[in-house]
Amino acid sequence: MFPKPLALGAAALLLAAATANAAPANTDDTTLPIPQRRFVDHDDARSRAVVLAARRYAAFWNTGDPAYARAALAADFADRTLPEGRAQGPDGPLQASRDFRAAVPDLKVEIADLVAAGDRVALRLHFTGRFTGRFGTTQGRGQRVDFQAFDLYRVENGRIAENWHLEDNLGLQRQLGVIGR
């Protein structure tokens, strides 16, 4: 739960579209390559830092560029819903991205919704692409991948310190052909 009700007036509703050709070295909020809609409780330095960390991390998933993950995640980052076999800390998402991009090289991620309040930010992410690579023992045949995820981050000192996430893994595995319908 958010600590206080969200004020979603015109000043608090910030809509932005980032360019797709931003240089990975530039990880400021205005040039991140991740389209999104966002709802922020305050337009202050803390809220901007929370949103920037979330957008940097989403840009990492959208591009696969580890510079965005390094800019977004705290050195002691903790994944509170750590999947089996994934390393804890920043190395876990880096490996997960490499593995998934091997299966879906054209993976794109859009922030469908972003809600920030205090030190927390919640995102609904939409992932799309074509399964042309390999996932485990399954070879892709070019089938479309389209699934959603929900993330909740706690941001400290401008970096994501903790993450809780849920993905539509059942739908994804069906689309990949890993499990039957």
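No lab work stands behind these numbers, since they all come straight from the coordinates. Computed from a predicted model, the values in this text were never measured in an experiment. Quick reminder, even Gly has a Cβ in these numbers, built from the backbone with ideal geometry, and neighbours come from all protein chains shown.
Key figures for this structure:
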item	result
Environment charge of T63, counting only residues whose C-beta is closer than 10 Å and scoring Lys/Arg +1, Asp/Glu -1	+1
Using a Förster distance of 41 Å, the FRET efficiency for T137-E110 (Cβ separation, nearest 0.05)	0.85
Counted charge near T81, where neighbours are those whose Cβ lies closer than 12 Å (Asp, Glu -1; Lys, Arg +1)	-3
